[in-house]
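The values are calculated or read from the model by the stated rules, or taken from the named source; none is laboratory data. The model shown is predicted, which means the values in this text are computed figures rather than measured ones. Cβ atoms come from the backbone with ideal geometry, glycine included; neighbour counts cover every protein chain shown.
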Amino acid sequence: MTYLTAPPATNPRTLGLRPAAAQVIEVSKRYGRGDSEVRALDDVSVAFAAGQLTAIMGPSGSGKSTLMHCVAGLDTPTSGQIMIGETDLLSLSDRELTQLRRDCIGFIFQSFNLIPTLTAAENIALPARLAGRKLDKAWFEQVVDTVGLGHRLKHRPSELSGGQQQRVAIARALAGRPEIIFADEPTGNLDSRSGAEILAFMQRVVAEFAQTIVMVTHDPVAAAHADRAVFLSDGRIVDDIDHPTADGVLARIRTIGA
Amino acid sequence: MFALTIRNLIAHRMRMLSTAFAVLLGVAFMAGTLVFADTLTSTIDDIVGHANANVDAVVRAPEAISLSYGQNGRLVDADLLDTVAGLSDVAEADVQIRGYAQLVGPDGQPVVDQSTATSFGYNWSTSDQLNPFQLIEGSEPVRPDEIVIDHAAADSAGYSIGDTAVVLTSHEPHTFRIVGVADYGDRTSQGGGGAVLFERDTAEQYLAEPGRANAVVAIAADGVSQEELVDTIKGAIDAATPDITGSEVEVITGQALVDEDLGGVSGAIGPFRTFLLVFAAIAMFVSAFIINNTFSITVAQRSKEMAMLRALGASRRQVTTTVLIEAAVSGSLAAGAGIGAGIGVAQMLRGLIGLLGFELPAGPVVISSGSMAAAFGLGVFVTVFSAVLPARAAGRIPPIAALRGLTIEAVGSTRRRIVIGAVVTTAGVGTLLAGLSSRTVGVVGLGAVATFAGVATLGPAIVRPAARVVGAPFALSGVAGDLAVQNAIRNPKRTARTASALMIGVALVAFMAVIGASTTASFAVSIDQNFNGTHVIDSGGLDVSAGFTPELADQLRATPGIDAVSEFRITKARLNDADVVTDLEAYDAASISHLVDLGVVDGDLGALGSDGIAIDRDYADANKLALGSVIPAVFASGDTHLTVRALFDGSEWLGSQFMDTSGFDALVPDGLDYRVYVSGDDTVVQRVATGYSGTRVLDRAEFADAVGSTIEQFLAVIYALLALAVLIALLGVANTLSLAIFERTREIGLLRAIGTTQRQVRTMVRDEAMIVALLGTAVGIGIGTFFGWAILRTLEDQGFNTLIVPGTRLVSIAVIGAAAGAITATLPARRAARLQVLEALATS
């Protein structure tokens, strides 16, 4: 069954079997005015279930990045409501948003993901230090262990391969035990083998730690690793597939016209 | 290519703003100094020129040594006026008599602060043409107890016609009645104000000697040239007094006299101008660092653009030229603005010199095109020169870089850098020490510049460890501080250049602090060990030409309860046919050894007499002199011979040679006491001195304090002059940070995205600024202290025996440096904290 822009109350995912880690309710984001108005997001409602890897897909300009930025508190929608857990993002000040990003949200970017002056281990520990929290040693070691960097932990980003850097970035996102991790084209800058490794790693993280990850991508192969794929076009959600396959996603993209 | 450069400049005008500002400040200082000096010279020329503006011929005693303006040479017979005035070629003639005369105000204090200016008395010339003063109120002085005072003095002291006033001269203080007030040309005074004008006989008595005058001046009759008048007067004098010799009387043209006076003015202002220009040059030197740094950073940041130009077919040279043109254009704009600002700086300098107590006469501002062109040219040259290396680096960017990401400046080989830096530093220090021991200022300066350059070269190699040490407290204070330390060391070259600019100014400040503290301490030690008197009496004057009447010393000598008294006088003299003119001193020779420790004395100080001289052993050895040697001596008043009658060990309290006051009086008429050293009962000394206004009585501790505060005053002016160099360097810190933030936009966005608060970003930027500033100040203080130590070592034999490192002051310099660094970081830090996270992340 396909839900386009169904009202939240009737959306089974928000009533759901699993609790939602984040909800987007009737969110619009408009730029400009009058004739030149651009609707980056047009009355979008969607919920991201906890413990799932969700892929947001769509052609360039479809609004997928804007959607992620709004949910992550990096951008402010023109109207609508965004909930992270029980918190309404739009009611927060810049300081509270910063705090929320620090405590509840993790980020993985396409590139320039790490602070070049810090070692891998320092990068992983950075959010905790920024928050002035004591690092949970056992958890830190478990994360580092999962990342499998071992002896490279003392290296600086410039001494690591792209795939290794991205794994450090995922470890950094995990280290703060966020409610939700946002990944913006995490494999965009990687060769296909490293990309596959990273995707497999993200799947493992979701499975082992019950971590919620929302990933923006335009790569059908990447989307195929997700539990669910949400399709955007012209600022609207046009499809929503559970357990997507690469072929299925490709077929879907063709019909959208990406 | 040129059009492209201009477009670049316009597009990135903010980027060049601080370069422009550094150039602007440097040029403004340079131009300001020149405007100030030109204006001062012109004003004083105007004042000095007015005194003898109408004089066509002068009869006076030749000056064997040219004294500074206003000091008295030898006197001539006042009767010469009768000979001159009777000539048909002469339209008008009069005597000129001048000497020390100080008007005392109704409050008992001298009207002119004697610490900064000496004031003169003159005879009131009855010739309107020859008298530079014009009555504006009252009448001319005709009776012996009548005086005219200048307008400025009347205003500042609140005197009006009919009041009585005390006048200090080299005789006993005397009370006169004010009968007139006069202007000096179109001014209210000659300068500071306080000229006292007597009728002729009274002037002779108080300022010169009865029957004697400083000169006879004449105005030519119509159609007679100055040269013709001089010849006529010479002939008449020879005829009237055939036995007079050329060494007693000379006749020169009025023009020659004016030229001589004006030469004295530029001779006096020249060193002063050089002194200020040295500080302007320091500011320019610091600017060069900032400009070089800015261009290096911007070239690195634009390497993609440069590479693109290369890829499109631009040659290396074309790319290099683009950068140089950019430097020339921004340098020209900034230098142009700097010249405008220079006029304001000239006013500030005037105020600053005023702080030292020198009251400078006001006059119209002189802006000479030559001075302006020099300042402008230097500004453009420094800008372009500083951009040469970055421009060449720009040319070396390979076209392939267009396809790669942002290239950060490469750090050259560390080992080579250490070797070169160490060699240059060592050579610099060596040159500096050599210059110090040979007392050659130019060599000292060269050594200092080389030392700075050497340390700046070493900089990048030491930045890493040094920043970790300096940054330790910041790193411990939290993650923002830790990131700041990492940022400070990620590009050591850049940090080193920024810190080096600050290092220069701070080193000089620290150097002066060490010298000042050590001088004060050495002096205190010297008073303790070598001064045996109880009091020092002086006028509070910095200049040795300031002084007070010798009557005071005579009265002290005659007072019971006083054990020893010696005056201290000073004049210029050429001794033993030496090339240089020395400051020859005079003391009460019989008493001075009781007041000042002279070590072992051979011969008899009490028997110096009127033609004897005492010399120290170093001078004696250097000139192969012994007791009984006769040396030729040239004074302003003429030639004589002096016999060495005593040898002493030498003391920092007096020069290498001195005479007894009795002999000195005859050779230097009308001399004032610069100081009087006394040993005696405090109440007695104080009581006697009370009668002499314009003097201050200092006991041993007060004397040490007075010297200390004079040094402090001088230091304050030096600090103010160095402040501009430090300010330029701090601008450089702010600029480097702004450029770094621009470069790290994405990284800051990332930090913000993962939970860094705005406050933490601000702290990070501010801490980085403080670390860079602390690096600069710490190294600067180190170098400055070393320079101070070095120079004090070479001056050890002149009594600088105590090295004091003023710890508190040096620490406060470091604290102020760090705080100033934090303040300069305010704007860049705010900008960094306010970056929009999404936009920052989208930056490539």
Just for the range B:471-485: of the residues that are surrounded by fewer than 24 Cβ atoms within 10 Å (Cβ to Cβ) and away from chain A (no Cβ under 12 Å), which one is nearest to B:A822 (Cα to Cα)?
B:P473
What number of residues within the range B:245-297 are among the aromatic types (F, W, Y) and surrounded by fewer than 18 Cβ atoms within 10 Å (Cβ to Cβ)?
2
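Regarding B:A488, is this residue under 15 Å from B:A773 (Cα atoms) and within 14 Å of chain A (Cβ to nearest Cβ)?
Working: under 15 Å from B:A773 (Cα atoms): yes; within 14 Å of chain A (Cβ to nearest Cβ): yes.
Criteria met by B:A488.
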Could you figure out which of (1) among the small types (G, A, S); (2) touching a residue at least 60 places away in the same chain (Cβ under 8 Å); (3) under 28 Å from B:T763 (Cβ atoms); (4) more than 13 Å from chain B (Cβ to nearest Cβ) isn't true of A:S111?
(4)
Subset of the range A:132-169 that is away from chain B (no Cβ under 14 Å) and part of a loop (DSSP other than H, G, I, E, B) - its residue that is nearest to B:D482 (Cα to Cα):
A:H155
Kindly provide the set of residues from the range A:208-222 that are in contact (Cβ under 8 Å) with a residue 40 or more places away in the chain, aliphatic (A, V, I, L, M) and surrounded by fewer than 24 Cβ atoms within 10 Å (Cβ to Cβ), ordered by number.
A:A210
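If a residue has to be touching a Ser or Thr at 6+ places or on another chain (Cβ under 8 Å), more than 11 Å from chain B (Cβ to nearest Cβ) and touching a residue at least 24 places away in the same chain (Cβ under 8 Å) to count, how many in the range A:64-93 make the cut? If you could, list the steps in order and put the result at the bottom.
Step one: list which residues in the range A:64-93 are touching a Ser or Thr at 6+ places or on another chain (Cβ under 8 Å), which gives A:70, A:75, A:77-80, A:90.
In the following step, the residues that additionally are more than 11 Å from chain B (Cβ to nearest Cβ) were identified as A:77-80, A:90.
Next, only the ones that are touching a residue at least 24 places away in the same chain (Cβ under 8 Å) stay: A:77-80.
Residues flagged as touching a Ser or Thr at 6+ places or on another chain (Cβ under 8 Å), more than 11 Å from chain B (Cβ to nearest Cβ) and touching a residue at least 24 places away in the same chain (Cβ under 8 Å) within the range A:64-93 amount to 4.
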Residue list for the range B:181-194, restricted to those being surrounded by fewer than 22 Cβ atoms within 10 Å (Cβ to Cβ) and either touching an Asp or Glu at 6+ places or on another chain (Cβ under 6 Å) or hydroxyl-bearing (S, T, Y) (or both)
B:Y184, B:T188, B:G192
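So how many residues does the range B:299-357 have that are under 18 Å from B:A401 (Cβ atoms) and of a type in the set (D, E)?
Taking the range B:299-357 and keeping what is under 18 Å from B:A401 (Cβ atoms), we get B:299-320, B:322-323.
Narrowing further to those that are of a type in the set (D, E): B:305.
Selection size over the range B:299-357: 1.
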Restricting the range A:95-108 to residues that are at the interface with another protein chain (Cβ under 7 Å from one of its Cβ atoms) and either of a type outside the set (A, V, I, L, M, F, W, C) or part of a helix (DSSP H, G or I) (or both), the residue that is surrounded by the most Cβ atoms within 10 Å (Cβ to Cβ):
A:R101
Give me the residue from the range B:432-448 that is in a helix (DSSP H, G or I) and of a type in the set (V, I, T) and, out of that set, surrounded by the most Cβ atoms within 10 Å (Cβ to Cβ).
B:V444
Which one of B:T451, B:T426, B:T431, B:T457 is within 29 Å of B:V765 (Cα to Cα) and away from chain A (no Cβ under 14 Å)?
B:T457
I'd like the full set of residues that are within 18 Å of B:S656 (Cα to Cα) and either modelled with pLDDT of 75 or more or of a type outside the set (D, E, K, R) (or both), limited to the range B:795-809.
B:L795, B:Q798, B:G799, B:F800
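Can you tell me how many residues in the range B:154-180 are acidic (D, E), in a loop (DSSP other than H, G, I, E, B) and either buried (at least 19 other Cβ atoms within 10 Å of the Cβ) or modelled with pLDDT of 85 or more (or both)?
1
Take A:A121 and tell me if it is surrounded by 17 or more Cβ atoms within 10 Å (Cβ to Cβ) and either modelled with pLDDT of 85 or more or facing chain B (nearest Cβ under 10 Å) (or both). First the steps, then the outcome.
Details: surrounded by 17 or more Cβ atoms within 10 Å (Cβ to Cβ): yes; either modelled with pLDDT of 85 or more or facing chain B (nearest Cβ under 10 Å) (or both): yes.
Yes: the conditions hold for A:A121.
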Note on the range A:223-246: residues in a loop (DSSP other than H, G, I, E, B), touching a helix residue (DSSP H, G or I) at 6+ places or on another chain (Cβ under 6 Å) and touching a residue at least 60 places away in the same chain (Cβ under 8 Å) are A:H225, A:P244
Check B:A825 against each of (1) out of contact with any Asp or Glu (no Cβ under 9 Å at 6 or more places or on another chain); (2) surrounded by 18 or more Cβ atoms within 10 Å (Cβ to Cβ) and name the one condition it does not meet.
(1)
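Is one or more of the residues making up the range B:693-707 within 14 Å of another protein chain (Cβ to nearest Cβ) and basic (K, R)? Break it down stepwise before answering.
Narrowing the range B:693-707 to residues within 14 Å of another protein chain (Cβ to nearest Cβ): none.
No, the range B:693-707 contains no residue that is within 14 Å of another protein chain (Cβ to nearest Cβ) and basic (K, R).
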I'm trying to understand the selection: among the residues of the range B:674-691, which are crowded, with 21+ Cβ neighbours inside 10 Å and at pLDDT below 85?
none
From the list B:A723, B:A729, exactly one residue is crowded, with 24+ Cβ neighbours inside 10 Å, within 23 Å of B:M30 (Cα to Cα) and away from every other protein chain (no Cβ under 14 Å). Which is it?
B:A729
Residue among A:I256, A:I180, A:I213 that alone is at pLDDT below 90 and hydrophobic (A, V, I, L, M, F, W, C)
A:I256
Kindly check whether there is at least one residue in the range A:70-82 that is among the hydrophobic types (A, V, I, L, M, F, W, C) and in a strand (DSSP E or B).
yes
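What is the residue count in the range B:348-392 for residues that are of a type in the set (S, T, Y) and under 20 Å from the mean Cα position of the chain (by Cα)? If you could, list the steps in order and put the result at the bottom.
Quick first cut of the range B:348-392, residues of a type in the set (S, T, Y) only: B:368-369, B:371, B:383, B:386.
In the following step, the residues that additionally are under 20 Å from the mean Cα position of the chain (by Cα) were identified as B:371.
Residues in the range B:348-392 being of a type in the set (S, T, Y) and under 20 Å from the mean Cα position of the chain (by Cα): 1 in total.
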Which numbered condition trips up A:R172, out of (1) assigned to a loop (DSSP other than H, G, I, E, B); (2) within 10 Å of chain B (Cβ to nearest Cβ)?
(1)
Filter the range A:72-109 for residues that are in contact with a Pro (Cβ under 7 Å, 6 or more places away or on another chain) and either on the phi > 0 side of the Ramachandran plot or modelled with pLDDT under 85 (or both) and give the result.
A:R102
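May I ask you to verify whether B:A614 is at pLDDT below 90 and either over 30 Å from B:S709 (Cβ atoms) or among the acidic types (D, E) (or both)? Full working, then the answer.
Numbers: at pLDDT below 90: no; either over 30 Å from B:S709 (Cβ atoms) or among the acidic types (D, E) (or both): yes.
So B:A614 fails the test.
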Which of the residues spanning the range B:203-224 are crowded, with 24+ Cβ neighbours inside 10 Å and of a type in the set (S, T, N, Q)?
B:N214
Looking at (1) within 14 Å of chain B (Cβ to nearest Cβ); (2) assigned to a helix (DSSP H, G or I); (3) touching a Lys or Arg at 6+ places or on another chain (Cβ under 9 Å), which is the one condition that is false for A:R129?
(3)
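If a residue must be surrounded by fewer than 22 Cβ atoms within 10 Å (Cβ to Cβ) and closer than 29 Å to A:A22 by Cβ, how many such residues does the range A:181-193 contain?
As a first pass, look at the range A:181-193 and keep what is surrounded by fewer than 22 Cβ atoms within 10 Å (Cβ to Cβ): A:185, A:188-193.
Cutting the leftovers down to closer than 29 Å to A:A22 by Cβ gives us A:185, A:188-190.
Residues meeting the conditions: 4.
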